[in-house]
1. Step by step: first the residues of region 15-35, then only those that are of a type in the set (D, E, K, R) and farther than 11 Å from residue 268 by Cα, then the one that is farthest from ligand 2 (Cβ to nearest atom). Which residue is that?
2. Between 121, 114, which is more than 24 Å from the chain's Cα centre (by Cα), surrounded by fewer than 20 Cβ atoms within 10 Å (Cβ to Cβ) and of a type in the set (Gly, Ala, Ser)?
3. Does residue 58 count as within 16 Å of ligand 1 (Cβ to nearest atom), among the hydrophobic types (A, V, I, L, M, F, W, C) and open to solvent by 60 Å² or more (accessible area, probe 1.4 Å)?
4. Please work out which residue is modelled with the lowest pLDDT, limiting yourself to region 30-55 and to residues that are on the phi > 0 side of the Ramachandran plot and within 8 Å of ligand 1 (Cβ to nearest atom).
5. For region 165-181, which positions are closer than 24 Å to residue 36 by Cβ and part of a loop (DSSP other than H, G, I, E, B)?
6. Can you run down the residue pairs with Cβ atoms below 6 Å, 6 or more apart or on separate chains, where the first is in region 107-122 and assigned to a loop (DSSP other than H, G, I, E, B) and the partner is surrounded by 13 or more Cβ atoms within 10 Å (Cβ to Cβ)?
7. Which pairs turn up if I take residues in region 192-203 that are free of Cβ contacts under 8 Å to residues at least 60 places away in the same chain and look for partners that are open to solvent by 10 Å² or more (accessible area, probe 1.4 Å) and within 16 Å of ligand 2 (Cβ to nearest atom) with beta carbon separation below 7 Å, at least 6 apart in sequence or on another chain?
8. Out of the residues in region 13-48 that are open to solvent by 10 Å² or more (accessible area, probe 1.4 Å) and among the hydrophobic types (A, V, I, L, M, F, W, C), which is farthest from residue 279 (Cα to Cα)?
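The values are calculated or read from the model by the stated rules, or taken from the named source; none is laboratory data. Note that the coordinates shown come from a computational prediction; the quantities given were computed from them, not determined experimentally. Every residue, glycine as well, gets a Cβ built from its backbone with ideal geometry; the counts of neighbours run over all protein chains shown. Ligands, DNA and RNA are excluded from the accessible area calculation, which covers all protein heavy atoms including side chains. Shrake-Rupley method; radii C 1.70, N 1.55, O 1.52, S 1.80 Å.
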Amino acid sequence: MNDKELKIINVAYSYLDDSWPLAAVDGVSFTLAPGSALGLVGESGSGKSTLGKCIAGLLCPQRGRIIFRGQEITGNTNRDIQLVFQDSATALNPRMKVSALVEEGLQIQRIGSAKERQKAATELLQTVGLELSLCSRYPYQLSGGQRQRVALARTLILKPQLLILDEPVSSLDVTAGARLLALLHDLKAKHHLTYILISHDLAVVRQLCQRVAVMYAGKLVEIGEVTTVFSQPRHYYTKMLLASHPVPDPRQRKLPETNIYSEPLDPTLRPTGCRFHPRCPAADSHCRRIPPGFKEFAKGHYAACHQA
Ligand code: ADP
Ligand code: MG
């Protein structure tokens, strides 16, 4: 145990819908060492963004604890943990100019004089590779890639230790995405940042992360080193995710062990036993009744699957 780690302990968050609560995150636990990068993957609706918001303190989990550097932070925002939202087009206030958007965090926290804040914002815009001439523009006058960089500069100005990046490149074209990934890679090394990278793109996770956590229907189903999980996935859901990913060389394409064409789970349904059993080709009566616990397959590689 390391008290500098981020510890997520049995965290659960339900959205209270009109008629019944929807368990978006349902008892997720993992730890994250400082300076490392964890990819959080899973289909849309699996609870990745909700978990990210819980860690950033924007949502208060109904159950579980979040501990950062030995301090309980459940339900509180913390300057050291910042979230870059999934959709920069709506996450940035359309009435604020780029310079004001980048400075805003310092202003809210009452850090520095106006001049110092301006200087810090200018430096950060350079760090993220934006022309200073963009300072007086509004978000709608920027490209998607530029907006993502503004969103990144806005969080970096608070000098966070942990950065949660929610689908940072999913709205960008491939070259803008590649540039942003390279920037994230450099920033991480330079500022010894810790990342949680939420993405449905496994290639992005492979590029930036050492570990990967796979979520399905609010549950963590597999976690481990990227190289191990991607080469020897244990959970059938992870196998399905990997098989769904296009491979450029047809000779490298493996026949999927799983039915990649099965429909995603209705979010209001939470099946008994293993949540993946209605889609799993290997499910038996045990899977339908008993929720699987985690088994360790290699050092730090865990999966919750009865059939693994
Ligand atoms: P992901 O980021 O993996 O796509 P989310 O965390 O956004 O998943 O969503 C998890 C589940 O919670 C989904 O079923 C989604 O429909 C639901 N959900 C997300 N946000 C809300 C909300 N504000 N109110 C009600 N349900 C929500
Ligand atoms: Mg999301």
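1. It comes out as 18.
2. On the way: 121 fails: surrounded by fewer than 20 Cβ atoms within 10 Å (Cβ to Cβ).
Exactly one of 121, 114 is more than 24 Å from the chain's Cα centre (by Cα), surrounded by fewer than 20 Cβ atoms within 10 Å (Cβ to Cβ) and of a type in the set (Gly, Ala, Ser), namely 114.
3. Numbers: within 16 Å of ligand 1 (Cβ to nearest atom): yes; among the hydrophobic types (A, V, I, L, M, F, W, C): yes; open to solvent by 60 Å² or more (accessible area, probe 1.4 Å): yes.
Against the criterion (within 16 Å of ligand 1 (Cβ to nearest atom), among the hydrophobic types (A, V, I, L, M, F, W, C) and open to solvent by 60 Å² or more (accessible area, probe 1.4 Å)), residue 58 qualifies.
4. The residue in question is 45.
5. First, pick out the residues of region 165-181 that are closer than 24 Å to residue 36 by Cβ: 165-170, 177-181.
167, 168, 169, 170 - these are the residues of region 165-181 that are closer than 24 Å to residue 36 by Cβ and part of a loop (DSSP other than H, G, I, E, B).
6. Here the result reads 112/106, each pair linking region 107-122 to a residue that is surrounded by 13 or more Cβ atoms within 10 Å (Cβ to Cβ).
7. 201/170
8. Among them, the one singled out is 33.
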